[in-house]
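Quick notes on the structure that follows.
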Amino acid sequence: MENKVTPLPEQMETDLIVIGGGGSGLAASLAAAENGISNIVVLEKRGALGGNTARATGLFACESPAQARDKIIADKDELFKKAMHWAHWSRVDPRIFRAFLNKSGETIRWLESKGLEFKVISFFPNQNPRVEHVANGKGAQVTQTLADGCRKAGVKIYLNAAGTRLLFDDRGSLTGAVAINEEKEVKIKARSVIIATGGFAGNKAMLRKLRITTRICRSGDCL
């Protein structure tokens, strides 16, 4: 998803900074705008929006409108027990995973309200229940729809602008963040900051650290 690059001004003050212009960052920015937060800034270190989400096929959800239309019973309580048992209750924070499950169906409903259409497919043969939600146009269309919504809501998006660190005052209270743009360091004052850079599938060092053995190839370069 290519976008026109706008340089960061030398001085900025905003209500909310979102670091990361992938699916998480764009969704957080649009949701914040819809809930009354104005003057939102998105910082994306690459020259295009979308991140790993733009290359994704689909997303997990349970108890969604798409599943209801297909009469698929995907009970969040049963799926929670199944997933945590599979993970042996290790390396997974059950509170975070539970919140993810609880919001997943609502997330599909929210995305559909933006004009996206989802079908539910099997992620592997004979999967029961089916939980993989694929939008028309896949991840690229999801991120494009979110980006369009952000722009219509007045969210300011800056590309080639990498968030590097948070700023705090002498009392330890958050005051903003620092970004690198066009080889210049820009300090941005803000009331709140959301760090939405969780797509660690693009972080080879983290994949090696966690001993994830899936081979990831990009331009012939494989782990």
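The values are calculated or read from the model by the stated rules, or taken from the named source; none is laboratory data. Bear in mind the structure is a predicted one, so any value in this text is a computation, not a measurement. Cβ sites come from the backbone with ideal geometry, for glycine too, and all protein chains shown count toward neighbours.
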If residue 106 meets every condition in (1) farther than 18 Å from residue 52 by Cβ; (2) part of a loop (DSSP other than H, G, I, E, B) apart from one, which number is that one? (2)
Please name all residue pairs, on different chains or six or more residues apart, with Cβ atoms under 8 Å, provided the first residue is in segment 65-84 and is over 17 Å from residue 118 (Cβ atoms) and among the small types (Gly, Ala, Ser) and the second residue is at pLDDT below 95 and assigned to a loop (DSSP other than H, G, I, E, B). 83/92
Odd one out for residue 200, checked against (1) hydrophobic (A, V, I, L, M, F, W, C); (2) surrounded by 17 or more Cβ atoms within 10 Å (Cβ to Cβ); (3) at pLDDT below 95: (2)
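Each row is one residue, and each column tells you yes or no for (1) surrounded by fewer than 16 Cβ atoms within 10 Å (Cβ to Cβ); (2) of a type in the set (Phe, Trp, Tyr); (3) under 20 Å from the mean Cα position of the chain (by Cα); (4) over 21 Å from residue 142 (Cβ atoms).
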| residue | (1), (2), (3), (4) |
| --- | --- |
| 90 | yes, no, no, yes |
| 97 | yes, yes, yes, yes |
| 101 | no, no, yes, no |
| 104 | no, no, yes, no |
| 107 | no, no, yes, no |
| 110 | yes, yes, yes, no |
| 122 | yes, no, no, no |
| 128 | yes, no, no, yes |
Go through the residues of segment 52-59 one by one and say whether even a single one is more than 22 Å from residue 141 (Cα to Cα) and in contact with a strand residue (DSSP E or B) (Cβ under 9 Å, 6 or more places away or on another chain). no
Give segment 154-172 a look and list any residue that's over 13 Å from residue 43 (Cβ atoms) and not aliphatic (A, V, I, L, M), or say none. 154, 168, 169, 170, 171, 172
Need a quick list: helices (runs of 4 or more DSSP H) entirely within segment 19-86 having at least 2 residues that are closer than 30 Å to residue 189 by Cβ. 23-34
Checking the condition free of Cβ contacts under 8 Å to residues at least 60 places away in the same chain, under 18 Å from residue 31 (Cβ atoms) and among the hydroxyl-bearing types (Ser, Thr, Tyr), which residue from 113, 90 passes? 113
Can you tell me which residue is nearest to residue 67 (Cα to Cα) among those in segment 109-131 that are of a type in the set (A, V, I, L, M) and in a strand (DSSP E or B)? 120
Of everything in segment 27-44 that's touching a Gly at 6+ places or on another chain (Cβ under 8 Å), hydrophobic (A, V, I, L, M, F, W, C) and under 10 Å from residue 157 (Cα atoms), which residue is surrounded by the fewest Cβ atoms within 10 Å (Cβ to Cβ)? 40
